[in-house]
Amino acid sequence: MTVHLINVGFGNMVAVDRIVSIIGPESAPIKRLIQEAREGGKLIDATYGRRTKAVIVCDSDHVVLCAVQPETVVHRIAADPQGELADEEDA
C-alpha cells in the first residue's frame, strides 16, 4: 500500500487519502472545531508559529493547522496526484 503525502509547509506532510476538507480558519465554527481538537488532543500545529491560513480536517478527526493558503494545498495535491514529492517552496 502506497501512502501519498503532500507538503503542507516547512517540510510537514499529510496523507492525501486521509484529508476530508481544507478550509480557512476565519469562521467561528472553524475556530470552535480547532478548540475542540486542541482539548481532545487531536490538533496538529504545523505552522511553526506563523499565522494559520488553512485548516485540514482528516478522517481520523485530527485537525492540522497550516501556514499556507488552502488554494496552495489544493494545487499541491492536484500537481502531485501520484504522491511524487516535488521541490516546492514552503510558506
Can you name the residue in segment 1-18 that is free of Cβ contacts under 8 Å to residues at least 60 places away in the same chain and assigned to a loop (DSSP other than H, G, I, E, B) and, of all such residues, is nearest to residue 80 (Cα to Cα)?
12
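For every residue, the table says whether it meets (1) open to solvent by less than 80 Å² (accessible area, probe 1.4 Å); (2) assigned to a loop (DSSP other than H, G, I, E, B); (3) within 18 Å of residue 73 (Cα to Cα).
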site: 20; (1), (2), (3): no, no, yes
site: 25; (1), (2), (3): yes, yes, yes
site: 31; (1), (2), (3): no, no, no
site: 55; (1), (2), (3): yes, no, yes
Could you grab me the full set of residues in segment 35-91 that are closer than 14 Å to residue 16 by Cβ, modelled with pLDDT of 95 or more and of a type in the set (D, E, K, R)?
59
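The values are calculated or read from the model by the stated rules, or taken from the named source; none is laboratory data. None of the values given here were measured: they were computed from a predicted structure. Glycine also receives a Cβ, built like all others from the backbone with ideal geometry; neighbour counts cover every protein chain displayed. Please note that ligands, DNA and RNA were not included when accessible areas were found on the heavy atoms of the full protein model with its side chains. Shrake-Rupley method; radii C 1.70, N 1.55, O 1.52, S 1.80 Å.
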